[in-house]
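Working notes, structure below.
Here, each number is a calculation from the coordinates, and none is a lab measurement. Keep in mind that this is a model prediction, so the values were computed, not measured. Note that each Cβ is placed from the backbone with ideal geometry, even for glycine, and that neighbours are counted across all protein chains shown.
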Amino acid sequence: MKNKSTNLRVRLPALIFALEVMIVVLYAFFVTYEDDANALLQNNQTKPMENSLYQNYPFFADIQVMIFLGFGCLLAFFRRYGFGGMVFNFLIATFTIQWAILVQGFFQFYYDGKIHLGVLNLINAEFACAVVLISFGAVLGKTSPVQLLIMALLEIPVFGITEWAVVKYLKINDAGGSILIHIFACYFGLGVTFVLYRPSLNEGHPKEGTSYQSDMLSVLGTLFLWVFWPSFNSALTFKGDDQHRAVLHTFIGLSASTITAFALSSMLSKNGKISMADVQNVTLAGGVTVGASVDMMISPVAAYVLGILGCIACMLGYKYLSPFLARRLRLQDQCGIHNLHGLTGLISSLAGICAILLATEETYGPSLYQTFSHRAPPEGDPLLARLQELIPDLEAGLGRTAQEQALFQVAAVFGTIAVAAVGGLLTGVVLKLPYLASPSDEKCFDDELFFNVPQDYNCVNGPQDVWSCVLRDTNKTDTDCSKKNTEHEYEE
Amino acid sequence: MKNKSTNLRVRLPALIFALEVMIVVLYAFFVTYEDDANALLQNNQTKPMENSLYQNYPFFADIQVMIFLGFGCLLAFFRRYGFGGMVFNFLIATFTIQWAILVQGFFQFYYDGKIHLGVLNLINAEFACAVVLISFGAVLGKTSPVQLLIMALLEIPVFGITEWAVVKYLKINDAGGSILIHIFACYFGLGVTFVLYRPSLNEGHPKEGTSYQSDMLSVLGTLFLWVFWPSFNSALTFKGDDQHRAVLHTFIGLSASTITAFALSSMLSKNGKISMADVQNVTLAGGVTVGASVDMMISPVAAYVLGILGCIACMLGYKYLSPFLARRLRLQDQCGIHNLHGLTGLISSLAGICAILLATEETYGPSLYQTFSHRAPPEGDPLLARLQELIPDLEAGLGRTAQEQALFQVAAVFGTIAVAAVGGLLTGVVLKLPYLASPSDEKCFDDELFFNVPQDYNCVNGPQDVWSCVLRDTNKTDTDCSKKNTEHEYEE
Amino acid sequence: MKNKSTNLRVRLPALIFALEVMIVVLYAFFVTYEDDANALLQNNQTKPMENSLYQNYPFFADIQVMIFLGFGCLLAFFRRYGFGGMVFNFLIATFTIQWAILVQGFFQFYYDGKIHLGVLNLINAEFACAVVLISFGAVLGKTSPVQLLIMALLEIPVFGITEWAVVKYLKINDAGGSILIHIFACYFGLGVTFVLYRPSLNEGHPKEGTSYQSDMLSVLGTLFLWVFWPSFNSALTFKGDDQHRAVLHTFIGLSASTITAFALSSMLSKNGKISMADVQNVTLAGGVTVGASVDMMISPVAAYVLGILGCIACMLGYKYLSPFLARRLRLQDQCGIHNLHGLTGLISSLAGICAILLATEETYGPSLYQTFSHRAPPEGDPLLARLQELIPDLEAGLGRTAQEQALFQVAAVFGTIAVAAVGGLLTGVVLKLPYLASPSDEKCFDDELFFNVPQDYNCVNGPQDVWSCVLRDTNKTDTDCSKKNTEHEYEE
């Protein structure tokens, strides 16, 4: 028989302290500073202002705002689950980053028996964190913090391995993370929510709505994400013109999807009114759709069109696909991550493949072999030497053709979907274990379950609340009325 | 007869899709990358970290926050029009930037048959965007999104031409945009609102007030603007000491106007209490007043005094001028842009002229001819060669005297006011056309007209709301009372 | 007899105008531009992009967000004192910075008869500002803006002298300001609140609670502080690897304290639920605890452990020490600054001392004498010349041993506590003077005292409010009921 208690008093501290012990031990044995953060390695050749910190920190800071403020506010859209959305986001994000530093560190920053830590690792860890937070969107309001921490604990290694395999073996172009971040996160989250299916939620839940204030706060989160998305998509490109294009494309794609979202929101609404849920989510579709080709010479108009296409797919997904998935395929996708990250991620991957197939030396010049680094001639090829005269920093590649690169991209998309979905399903099974404080159906989307709520919690959200609270907490109406009645009667 | 429907279902999508087709066509034919974003132009001389991206992007990111979060929150101050303020700001800003990239591009970044796009254009486009958003402040709550998009569509070309004429022919000093941004935006907005005059609004509107939460959110917007205003005022100055001074002056001016605003708010209030409207608006006056002379050697104390003067003018404007304008001159200026941008812009222009007249080589050294670049000797003048030895980057100028430069500044102020006001009036006439979904007087300042509002919309804003919602939505009180009564009666 | 009026109409403007006159006079006579902001000092050797602006401005902008948005939102946690928290923070911060520019300027940036102003001074002034805002936390809701301005007016010189003495004579290592900022601010604030003791507040105050919205807003403030804290702790370190480590340690320390805070919040709560007050405050403890050793080679795991220790101390302080201090020692510490800044500051100081004692050339290489600049050999020492070959920028030091440096750190801690506490006590005595508009006990934590509040102020905060407002403002219930009754009676 399953343990039904949702009391966190033992479960949450026990889990967190266990995780902390593990992290402390692993950090103690394996984590040291990267060269640019290591005092011992500075010498009379060191130019302090050329420290990698100054190239990476501004982008890191922007992504921090997206992770903690952007996601935090965006996920606070439920009228009675604002604490849960914003605060569990905070908890999961901080744990995930600590954990991703280790996992990604072992795969990507490990040599001489140590993980070498610098701000670059933190950027990578925040990307891993975005993955977990996107998946979180699928199960928002239906999971306890204990479950969420375990989800992060399991998702990060699956992501770390996938990322490592794709980067090291498939060697794809995906600067904005459309495949590795958005598609992975989406199908992992769908896997989890498939297992955590709750039939009763398909009937609609009384606490599932938004309130005026929660809608405003959620838009604020959208705006944080919107404003700093160019930093997200460009953080890991090559420096120089590649990064410059990534900023431009992301900005153009986002602004195209934003005005399209307003048009579609009004058009697809019976009364012609705009829905805040669309403003909160669909406006962002363009940021994902430009991702896989964000550093390429796709031209500004292509970024614009990608923004429109992503927005249309995302909007139609919310309108028609999500209800279908929930009713027929047991995929209850609370924030619609399949629309904002899945469909758009697929479009983005396809666009990336087209951009790869169309890329020529005529458009890129010798930079072609930098942006598409795996198309560069291999070590020893005389062409490489000739190219290196033109671009001194150019590294040897694999001599892939455009078609070969495109095939690897396709393999990466399908591979990522498969691994993510299976990983998500298995994680979902683990999350169904007893003792994880999973909320009952009635207590979903309800802050009262896990938080000490202030006294106005039952009053500020919607008419029923106001009334029930007036009745319950002051208990004046009936009394007064009946007293009056009584008095009148007495008078008679 | 006028079409009175305000249903957006056809109008808004039709307009947006038409605009998108136009933009896609123009982007396809005319927009390409600037050199620093063009892979083809990179070669073995290119130093990636010297890409202009790294000089411009940090300022661009700060201005993004101001446009989307700062303006967005600030304009959400009406208690029942928070969605409208924040979300229409989002819509207009994104469209305006797309459109300004084209319009400003044709005037400023067009060569070889193409507009060359980089982050610098985006900064310029965000300035154009600020212009439209300031004008929006004059008609906030009284206009449909269709009208607002058309306003942006018309305002940007008028602004683009004015900017081009002033920059190319009058060649003025206006680093912070006091003339081109604040004065232009103000008088354009006043022109529009003059034509859209609604006599009934002078009687006060039941939905015009703020709520506790909307006041807080609006202050948050003020703080975003306050914090990043130094980036706004310094984004387009010369690099180096000019930009350094621009940051210092803006910060000092703002902090002087902030504490002055608190003093005046309390002093001019009958009960000595501070008004949130003053905290939201008047505190920012100093950022505008230092604008025209922000990069000059005016001395820190002058920036401080300019902050105080701007604040006083702005405050007196809100207190005495705005009511007068609304009643006597048909100028219903919803956010008081004439106070925060018009009066302060005029003071700033005057201060700029004084700073120009007082500028000497004694104070500036040879940099005088860089900060005041039109005073540099013309091409061929031997003095130029001598100066270029001292400042290698110095470009040839027009050999203007201080007095000549001052006269051009005066011409720019009056020219800008005239063009803006006429442009605004004509735009206002267009906005009165039928089919633009203009809200009726009663539906002004009401989110319910254009948004699907959450169920608590009628309950959270003010006592009447709470009560009417208790009555309407639960309908328990009367029933209960009368039932009780009835029962009692039966018992009798 | 004491003047009991709290009307600000004369008091606040009079004080602010007096302060402004003083500042204008002092700025006019004493403040000029630093070299990098002075046009006169630019010449043909000047490289504009090497202006100090570009090294300092990004950190300055981040700290601006912390001061105005971070503190502003965090301090808005009382349900009826949101305006006060956020807006008085705005007022005090702006005044403090203006004032600190002068005071710190005289001590640190004064030569040739002038204070030389640049963005670096602004960063220093924002640190001084953080000191005042932390102290403000101890008396939040119990003080008028007049009192708060006077507190800032007095605290800044005491802080300026302490800072100058410690930096110039004791020469300590304290990159993150654990001693000078956090410990000073804490004990100064406790000194003030000791004198302003209000026995009646120990019984609990009806307006002291939070609301759902105020809790959310306050978490938003926490997130702003969290996200940019690495910039705060690293703003004044040496450039290069020192600053890199400072970013890493701050981030790790904060994320360790965050997950620990969730564990402890749930564990120490009777029902196992998480408290928002803990999320708002205790999560940040790690940022303080790593402060004093933030730029040293303490290793990532040490930063992690410091985060956990700081969090435990802070949490236990909130739970057990604060109530004790309030009841027994007259220390009513409204925001618990003694837990978040005092206890953690002490731990941080101790950790800094350990890090100093353990620092060896084996770990740091010759950089040892840069990070611990007072251990560098003195001028003339042949060792200095040898070290300068390895690190060209190395400056002569005092040749201190690790033990000597540790003793100076200890002296700094005790000296700072003593000066701060005495300064706070004396300031408290000044704040008790009449005519400073100190609120009565009942009017504490109430925005209505100093602000024109919107009409829903009495309605949105908690059940009693809703009800009392329904009754008071519409006065329909009773009337309706009794009318019904009456009618019924008539019918009978």
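Could you tell me how far the Cα centroid of the stretch A:307-385 sits from the Cα centroid of the stretch B:175-248, in Å? Distance between centres, Cα-based: 39 Å. Helix B:89-108 and the longest principal axis of the C-alpha atoms of chain B enclose an angle of approximately 20°.
At what distance in angstrom do the alpha carbon centres of the stretch B:61-99 and the stretch A:56-83 lie from each other? Centre-to-centre distance over Cα atoms comes out at 18 Å. For the stretch C:17-41, list residues with backbone N below 14 Å from a point placed 7 Å from the Cα of B:Thr360 toward its Cβ? Taking a point 7 Å out along Cα→Cβ of B:Thr360, no residue of the stretch C:17-41 has its backbone N under 14 Å. Mean per-residue shielding of peptide A:24-33 is 4, counting Cβ atoms of other chains within 10 Å of each Cβ. Please name whichever of A:Gly317, C:Pro206, B:Phe408 sits farthest to the positive end of the charge dipole of the protein assembly as shown, dipole taken about the Cα centre and charges placed at Cβ: Lys and Arg +1, Asp and Glu -1. Most positive-ward Cα: C:Pro206. A Förster radius of 51 Å, combined with the Cβ-Cβ distance separating C:Val25 from C:Tyr320, puts the computed FRET efficiency at roughly 0.55. Checked against a 21 Å cut-off, the cross-linked pairs B:Lys114/B:Lys239; A:Lys47/A:Lys168; A:Lys270/B:Lys432; B:Lys270/B:Lys443; A:Lys239/B:Lys47 give Cα-Cα distances beyond that limit for B:Lys114/B:Lys239; A:Lys47/A:Lys168; A:Lys270/B:Lys432; B:Lys270/B:Lys443. Working from Cα pairs under 8 Å separated by at least six residues, relative contact order for the stretch B:1-115 is 28 percent.
By DSSP, the beta bridges lying fully in the protein assembly as shown are antiparallel in about 30 percent of cases. Normalised by the number of residues in the stretch A:313-424, the average gap of Cα pairs under 8 Å and 6 or more apart makes the relative contact order 21 percent. Extending 7 Å from Cα along the Cβ direction at C:Glu389 and again at B:Lys168 yields two label points whose distance is 6.3 nm. Taking the C-alpha atoms only, the angle from helix A:212-234 to the longest principal axis of chain A is near 10 degrees. Based on C-alpha pairs under 8 angstrom that are at least 6 apart in sequence, chain A has a relative contact order of 22 percent. When its C-alpha radius of gyration is set against 2.2 N^0.38 Å (N residues), the protein assembly as shown gives a value of 0.89. List the residues of the stretch A:331-361 whose backbone N lies under 13 Å from a point placed 7 Å from the Cα of A:Asn202 along the Cα-to-Cβ direction. It comes to A:331-333, nothing else.
The mean count of C-beta atoms from other chains within 10 Å of the C-beta of residues in B:53-63, rounded to a whole number, is 6.
In loop segments of the stretch C:1-69 as defined by DSSP, the trypsin sites (Lys or Arg not before Pro) with at most 14 further C-beta atoms inside 10 Å of their C-beta are C:Lys2, C:Lys4. With label points set 7 Å from Cα along Cα→Cβ, the inter-copy distances at C:Glu448 are 2.8, 2.8 nm, sorted shortest first. Per-residue mean of foreign Cβ neighbours for B:383-391 is 1 (Cβ atoms of other chains, 10 Å radius). Calculated mean residue ellipticity, 222 nm, chain A: -18000 deg cm²/dmol, from DSSP H runs (n ≥ 4) at -39500 (n - 2.57) each, averaged per residue and rounded to 500.
Dimensions of chain A along the principal axes, based on C-alpha atoms and rounded to the nearest Å, stand at 112, 55, 45, largest first.
Each residue, A:Asp112 and A:Ser5, gets one label point 7 Å from its Cα in the Cβ direction; the gap between the two is 5.0 nm.
Helix C:402-431 and the longest principal axis of the Cα set of chain C meet at an angle near 30°.
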